[in-house]
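For reference, the structure discussed in these notes is given below.
The values are calculated or read from the model by the stated rules, or taken from the named source; none is laboratory data. Note that the structure is predicted; figures quoted are calculated from it, not measured. Glycine gets a Cβ as well: all are built from the backbone with ideal geometry, and neighbour counts include every protein chain shown. Ligands, DNA and RNA are stripped out before the accessible areas are found, and what is left, the full protein with its side chains, is counted by its heavy atoms. Shrake-Rupley method; radii C 1.70, N 1.55, O 1.52, S 1.80 Å.
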Amino acid sequence: MRFLLLACLVLLAACGGDQAAKLNLGDPAPAFRTERLGGGSVDFPAAAGKPLVIRFWADWCKYCEPEMKAIEVVYQRHKGKGLEVPAVNAGQDKPAVAAFIIKLGVTYPVLLDEQSAIAKRYGVVGLPTTYFVDAKGGVRGKVIGEADEAVLEPAARASRRCAPGTAPAT
C-alpha cells in the first residue's frame with residue numbers, strides 16, 4: 001500500500017511544474033533577452049530583421065556536436081547574405097559552454113540559457129532542436145533531432161527568401 005501511495009505521489013509531482021510551450025509553424029518566435037558567451041546581451045526580437053536559425057543544444061548531447069559543425073558550414077555560406085545563427089545552450093554554465101565551443105571552433109553567436117527558460121518558451125523537449133525564423137520573426141521551420149547540411153541548407157535558403165532586401169535564394 002505504501003508503494004502504491006508513493007508511486008501516485010511521484011506521478012502527481014511529475015505532472016506539475018512548467019511545461020514546454022507549443023510553438024507551431026507560422027507562430028511568432030518568442031521574445032527573449034540573454035547573455036552572449038563572448039559578453040554583452042542580446043534581445044530578440046530586436047535581433048529580427050534578418051532570418052535566424054535558432055539552435056538549442058548542450059555539450060552532453062551526442063548529436064549536437066556533428067550538427068553544430070554542419071551548421072557552421074551553412075552559416076559560413078550564408079552569413080554574408082544576412083543569415084544569423086544564434087546557438088542557445090540549454091541548461092549549462094558559462095565555463096562548460098566556453099570549453100565546448102573552443103573545442104568545436106564554431107564562429108556563430110553562442111547564447112546562454114542556464115535555467116533553460118528560453119528553451120521552455122520555444123517548446124524544446126529534446127536536443128538538438130533547431131528553429132528557422134524569417135526576418136519578420138515568424139517560425140518557418142523546426143527540426144527536432146540531428147540535422148545535417150543537406151537538411152539545413154534548404155531551410156536556410158527558404159528563411160532568407162523572407163528577408164527584406166534579399167533576392168530569392170537559388
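Pull up the stretch 28-64, narrow it to residues that are farther than 14 Å from L111 by Cβ and open to solvent by less than 50 Å² (accessible area, probe 1.4 Å), then point me to the one that is modelled with the lowest pLDDT. Applying the filter and picking the extreme gives A48. Taking the numbered list (1) open to solvent by 20 Å² or more (accessible area, probe 1.4 Å); (2) at pLDDT below 95; (3) not in a helix (DSSP H, G or I) in turn, G141 passes all entries but (1).
Taken over the stretch 119-131, the criterion of being in contact with a strand residue (DSSP E or B) (Cβ under 8 Å, 6 or more places away or on another chain) and open to solvent by 10 Å² or more (accessible area, probe 1.4 Å) is satisfied by R121, V124, V125, G126, L127. Going through (1) modelled with pLDDT of 95 or more; (2) within 15 Å of A156 (Cα to Cα) one by one, E67 falls short only on (1). Return yes when V97 is modelled with pLDDT under 95 and either open to solvent by less than 30 Å² (accessible area, probe 1.4 Å) or farther than 17 Å from A135 by Cβ (or both) and no when it is not. For V97, the condition - modelled with pLDDT under 95 and either open to solvent by less than 30 Å² (accessible area, probe 1.4 Å) or farther than 17 Å from A135 by Cβ (or both) - is not met.
Restricting attention to the stretch 144-164, does a residue exist that is outside any helix (DSSP H, G or I), open to solvent by less than 40 Å² (accessible area, probe 1.4 Å) and either modelled with pLDDT of 95 or more or touching an Asp or Glu at 6+ places or on another chain (Cβ under 8 Å) (or both)? Yes, because at least one residue in the stretch 144-164 is outside any helix (DSSP H, G or I), open to solvent by less than 40 Å² (accessible area, probe 1.4 Å) and either modelled with pLDDT of 95 or more or touching an Asp or Glu at 6+ places or on another chain (Cβ under 8 Å) (or both).
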